[in-house]
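The values are calculated or read from the model by the stated rules, or taken from the named source; none is laboratory data. In this text, all values refer to a predicted model and were calculated from it rather than measured experimentally. For neighbour counting, all protein chains shown are included, and Cβ atoms are generated from backbone atoms with ideal geometry for every residue, glycine included. Heavy atoms of the whole protein, side chains included, go into the accessibility calculation; ligands, DNA and RNA do not. Shrake-Rupley method; radii C 1.70, N 1.55, O 1.52, S 1.80 Å.
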There are 2 protein chains.
Amino acid sequence: MGGEGRRGRRQGPSGTREAIEASARRQFAELGYDRTSLRQVAIEAGVDPTLVTHYFGSKPRLFAAVAQMPFVPKDVIPTVIAGDRARVGERLARFTLGVMESPEGRGRVISVVRAATAEPEAARMIRDRIVHELLATIAEEIGSERAAYRGSLLMSQIVGMTMARYIVKVEPLASMPAEAVAADIAPTLQRYLTGELAEDTGPAAPQAPPG
Amino acid sequence: MGGEGRRGRRQGPSGTREAIEASARRQFAELGYDRTSLRQVAIEAGVDPTLVTHYFGSKPRLFAAVAQMPFVPKDVIPTVIAGDRARVGERLARFTLGVMESPEGRGRVISVVRAATAEPEAARMIRDRIVHELLATIAEEIGSERAAYRGSLLMSQIVGMTMARYIVKVEPLASMPAEAVAADIAPTLQRYLTGELAEDTGPAAPQAPPG
């Protein structure tokens, strides 16, 4: 973002990959997945379009390379689960809002959520990085049964909050102080983490046989 | 959808508009907003592309014309609010899952949610038709204070469930029986409808002066 002369034409290979990534990150965030073109990414990076294909192969692969989550699960999980089990939902709500209130974190998450509505690769990233590695792992680490299902319920509220507050921008939610929003979704997250769930009667998640 | 010869070339103006709408509805649902082109809509409708512009003006307007919600708020609200106030969340959860489990309802809602991530016109439709006319109205009709904020919290969980179960398809949530999912989100909706909220300390939603 400015200051590094990213728009100058690259001479050697050293900065090429980084320039393409920076350009791609910005365009995916700003234009969304569908409207981002490899050609425009190349132009903004100041490189020949063939180099984008050379380094990244295809648009889904370029997206997967640059659409990093703005957190590392193994760093986040210990701080969320440390302390009172009855307040894990509160800490997770605060962490979530904290990520989304920072412009860089918000940009990255919005980019992935937007892309996930149309692009299987981005949907997979949400399933793997957000649900499996982060949310279901938190549920599992605090000893809750049916952690995978709890992780997907948590994701529904967290992604939904992202949509409501930061993408669709529904008022007055969009203008509420982050702390108030975190406080209002915390009990939801806590219930999905540790509360009682409806009985699982479906064939899709069979119980292990006793013994 | 079949049976009516929608793909035949229109001769007169009588069926033209309807043919364009049917084609647009299908393509927006299947391809998403960005990938749908007025030209392809015209081709599938069997009409000249200039007629699409003639009748609908622009892609956002065409989208707004065909992206109807699969329900009419004034029909839905009485059935959701009738009965025990402590079970409005349960009835709203069941209604929501019922809409999403029907292929036509699901197609329409997914189309709007997808579009809302990139298109201001579709985001406005969610704010107006889903939050304001339906969810906030339900909160208001059952006598809850801060109905607009409650409506936006409800939307966050409902749109998030749409993302998780029907778009990103997170397992095991995506394969769970609809009744179990409705039962698990019902307490969330009930709390957003009638529960206590964190104190509103923000400048964005000032309280009316007393008296």
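Figures for the structure shown
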quantity: Shortest-first distances to equivalent copies, position B:Glu30, nm, label 7 Å out along Cβ; calculated: 3.4
quantity: Label-to-label distance, nm, for residues given as B:Arg35 and B:His54 (7 Å Cα→Cβ offset); calculated: 3.0 nm
quantity: Across the identical copies, how the A:Glu179 labels are spaced - nm, sorted shortest first, 7 Å along Cα→Cβ; calculated: 4.5
quantity: Nearest-to-axis residue of chain A, judged by beta-carbon position, where the axis maps A onto B, in Å; calculated: A:Gly160, 1
quantity: Per-residue average of Cβ from other chains inside 10 Å of B:122-134; calculated: 2
quantity: Charge dipole (debye, nearest 20) of segment B:33-137; +1 at Cβ of Lys and Arg, -1 at Cβ of Asp and Glu; calculated: 200 debye
quantity: Per-bin percent of Cα-Cα distances, segment A:34-167 [10 Å]; calculated: 11, 39, 30, 14, 6, 1
quantity: Isotropic mean projected area of the C-alpha convex hull, segment A:75-129 (nm²); calculated: 4.3 nm²
quantity: Mean separation of Cα contacts under 8 Å (6+ apart) over length of segment A:83-195, as relative contact order %; calculated: 39 percent
quantity: For the protein assembly as shown, the spread of Cα positions along each principal axis, largest first, Å; calculated: 63, 62, 55
quantity: Pseudo-label separations to other copies for A:Asp75 - Cα-to-Cβ vector, 7 Å, nm; calculated: 5.2
quantity: Chain B - percent of accessible surface contributed by carbon and sulfur, probe 1.4 Å; calculated: 52 percent
quantity: Distance in nm between pseudo-label sites at B:Asp128 and A:Lys74 (7 Å out along the Cβ direction from Cα); calculated: 5.0 nm
quantity: Nearby lysines by direct alpha-carbon distance to B:Lys169 (threshold 30 angstrom, same-chain neighbours under 8 apart not counted); calculated: A:Lys59, A:Lys74, A:Lys169, B:Lys59
quantity: For segment B:57-116, accessible area per residue (1.4 Å probe, heavy atoms of protein chains only), Å²; calculated: 44 Å²
